[in-house]
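Just below is one structure, and these are the notes that go with it.
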Amino acid sequence: MYKLFLKGTTSMSEDTFGFNELTDAAQDNALETFAKYYVRQYKQDNLEIIDALAGDDEAVAMINQILEENNYLTVAKLAAMSISMVKSCYVKILNELSARFDADGEPVKTWAEWMQSEHAKLPQED
């Protein structure tokens, strides 16, 4: 069996993209996946890492306000509603995060795996 690689690459795993490098359709997919993860983390009061890496407190605050006002909705409905109302805030956050995506906008690591790897980078107390 032969593997074909693009010139200068050593593996297919290098074909990953930052959020801003994705096509519009792939960005929409990445945005939907991230928004659902974000809502779940919001409901668990576990946004510290995303908040720290987002680089835009206003974007986080705007999303969180919508989630707080509509917290009775399901995760899927909250994600869809918040995307329709503050999509640009999610885009700002995704552009700041180190997450990588495939060409379809699926995260290379699950969001939970990404969160664990970011958490592992934090300084440890002695």
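No value in this document is a laboratory result; all are computed from the given coordinates. Owing to the predicted nature of the structure, the values given are computational and were not obtained by experimental measurement. Counting neighbours? That spans all protein chains shown, and the Cβs are built from the backbone with ideal geometry, glycine included.
Of note:
- Look at (i) 54, 45, 24; (ii) 44, 35, 21; (iii) 61, 31, 23: the one that is Cα extents along the principal axes in Å derived from this structure is (i).
- The modelled label-to-label distance for the pair residue 95/residue 77, using points 7 Å beyond Cα in the direction of Cβ, is 3.2 nm.
- Unit charges on C-beta of K, R, D, E only; dipole of the chain, Debye: 440 debye
- In Å, descending, principal axis extents of the Cα set of the stretch 54-110: 33, 24, 17
- Taking each DSSP H run with n ≥ 4 as -39500 (n - 2.57) and averaging over every residue of the chain yields -18500 deg cm²/dmol at 222 nm.
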